[in-house]
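Please treat every number below as a calculation from the coordinates, not as lab data. Everything numeric here is computed off the predicted structure, so don't read it as measured data. Cβ sites come from the backbone with ideal geometry, for glycine too, and all protein chains shown count toward neighbours.
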Amino acid sequence: MQTKQAILSALFVWIGVSIDEPLVAQESATPEIKRVIKILPPNDLIRLAPPVPGTRPPSWHNVEQKLIVLRKQRKTWGWNYANTAEFYDWLATPASTGAASLEEHLKHLATWQAEIPDSAAARVVHAKALIKYAWEARGEDVAARVTPEGWRLFGERAAEAHRLLDEAVRIGVADGEAYARLIVVGMAEGLPREEVDKFVAEGMKVDPTYFSIYTQMAVYLLPRWMGEPGDIELFAAEIARKIPGDDGLEAYARMALEIQQYECGWGETLLRGDYDHAKLVRAAEVLLKRYPGSRTAHFAALCAMVAQDHEAAQRVRPLLGPFKREDKIWVWENDVSHFRNWAGAAEDPHGEESWAFAGLTGCTGIAFGNERRHVWVAQQLGRSAVNVMNVKTNQIDAALPHPGGVVNEFVFDPGRQWAVLSAWNGPFTGWMLWDVQRIPIPLEHATENMCRAVAIHPTRPQVYWVENGPIRSWNIETDAAGPEIAVKGAVHALRFSADGKWLIADNRIIDAVTSEYKFELPIVEAKTRPKIFPRHILTVDEEGRAWSTAAEAVAKEPKTMLVRFSADGNSWDTLLQDIGTGKAWLSPDRKLLATVPPISNGAAASRIEIWNIGKRERVKEFSGHWNSINELAFSPDGSKLASVAMWADKVKIWPLEGLAE
């Protein structure tokens, strides 16, 4: 290091410049300085004029020279444009002039124009600081709470920034900063899209790899500003087409990253927008390769997860550092743990008809709409409690806002279009009902404790739920309490028979009209040991017969069967002799049974088995998910099956046509 320092000192003494001082300023670098710039390695060149805050304004000629050096670095060695952009950022802050406030700082910046009247950079930096000053007057509050004086100062300062930037462009700018600031001014002044598009086009001609031009335009295109949903993704794709090679991919990645951070890691646009997922993964990996670090690695990991690109995830996984909330890539630290588990899995099974990404947090329930195109997906955490996913487009067609806290249960009635969810551990504890067809706001019902289970009566306007005590009900039309049903012990699941006559509470079957117990399985007579133990009651048919999975009571290695009890519960028919252990779901017409065998030791993933009950045989096996499957749901007509795994994952749609014949 000492030898290198001595060589650098000798070089600068030779050209008459001290290495400890900024470069002697000239509008254009001298041949000697150009020669030094040419031979110095990049890591040393950046130290020629370090931006150290002082107590007095810097030499504006030295600042101009520093900008020349930074542009030279980009042109000669292909350095990251951020070195230039960050220098502009620093110049726009009071620290660069030793000022105590933006107002004082702006007075110092005025001397720059006085000393170098034809400087475009002086006007760009002054405008950049004025934009900050405009937002200082407006404040960070919502628009309705900004004072008239705040709006007046905001408008005046933004207009003055616009004037300075126009002057800088007329003088002639050598990089893209002026155009990036013009886009910000356009956002502040509410300029129409066609005017702001001109700033982008002009900036691309001057400096096509000054990526702030594109990231600022992406922010302008947010629906909360001047854009519409989908505008950002279309703009990103357009820029990637216009800029060749990896530079275009970097621009694509930087725009996606900017919006992800703008949305504070919730990823609404990244997860639900119209990005080309394959291109997004390639672009994120270009960004990571060019600028390795924790933030770019986590962004590449998130893109791989959104695209469900398991191979890319495995490439990125070893590069991940610890979770940093300030990076605004992931919402929760658990998201990173989930990514590591998924990326480390031996395989990620495929073969589904279509899929939609459920979300980055746990899925608490899925249900088909009244047709096969939409699946309702409930999220434990997030900005929306339930997303209505279009399984053909992988887009959200509707969403229900999150009540805060944790969503723990979700049920849906496709006929009436009623959605009920329960939440706790937040500002609201209880259940809420959306009548999607008629009422845009939910009916909220607060409870003392977390609702452990909820159910919608299929024929009456009633919601049933259970906390720690009895099963309670509420009439939606009369807005009054219905009957309560006393139960012994905890209840973890509620559901009704299709005709609404019977309420199933775990292994209890209750008359939904009289609230009286029909029976509780298993039926055990005083001196008789039962031959089978029911495991999971699936439904009660029109004749009052319970359909259930069950196991032999006396076998050393009992098989799991599908049985149908008699109406009194004292006898049964065995419909499927051995379906294996695990979870089971019955189709609405009771012709198909879907089962999820447990993941055995050494198995890489879970799978789904489909049984034809009439044929008494397994007729299909689907590859399933990389981890344990949490829930299955049949479409109302029984022609499709949806599945979702335990953690954040994609909802997969499987075809069942012809399997019930």
**Request:** Would you mind checking the pairs Lys591/Lys615; Lys75/Lys198; Lys488/Lys518; Lys583/Lys620 and listing those with alpha carbons more than 19 angstrom apart?
**Result:** Lys75/Lys198
**Whole-number percent relative contact order across the chain, with pairs defined as alpha carbons under 8 Å at least 6 apart** = 6 percent
**Prompt:** Where does the chain land at 222 nm, in deg cm²/dmol rounded to the nearest 500, when only DSSP H runs of n ≥ 4 count, each adding -39500 (n - 2.57), divided by all residues?
**Reply:** -11000 deg cm²/dmol
**Complete:** With 0.36 nm assigned to each residue of separation and the Cα-Cα distance removed, Ser566 to Trp332 gains 79.3 nm
**Message:** Viscosity 1.306 mPa s, temperature 10 °C: what is the translational diffusion coefficient of the chain from Stokes-Einstein with a Kirkwood Rh over Cα pairs, rounded to a whole number of µm²/s?
**Reply:** 54 µm²/s
**Asked** Which helices, taking whole DSSP H runs in the chain, have alpha carbons extending 15 angstrom or more along the helix axis plus mean Kyte-Doolittle at least 0.5?
**Response** 2-14, 177-189, 294-307
**Inter-label distance, nm, simple model (7 Å from Cα along the C-beta direction), Ala398/Arg290** = 4.3 nm
**Asked** Which value, in Å³ per residue, describes the convex hull spanned by the Cα atoms of region 367-447?
**Response** 81 Å³
**Message:** Counting other C-beta atoms within 10 Å, and keeping those with at most 15, which DSSP coil GluC sites (Glu not before Pro) do you find in region 395-487?
**Reply:** Glu448, Glu477, Glu484
**Request:** Return the loop-located GluC sites (Glu not before Pro) in region 328-389 (DSSP other than H, G, I, E, B) with at most 11 other Cβ atoms within 10 Å of their own Cβ; answer none if there are none.
**Result:** Glu347, Glu371
**Request:** Please give, to one decimal in nm, the separation of the simple spin-label points placed at Lys615 and Trp77, each 7 Å out from Cα toward the Cβ.
**Result:** 6.9 nm
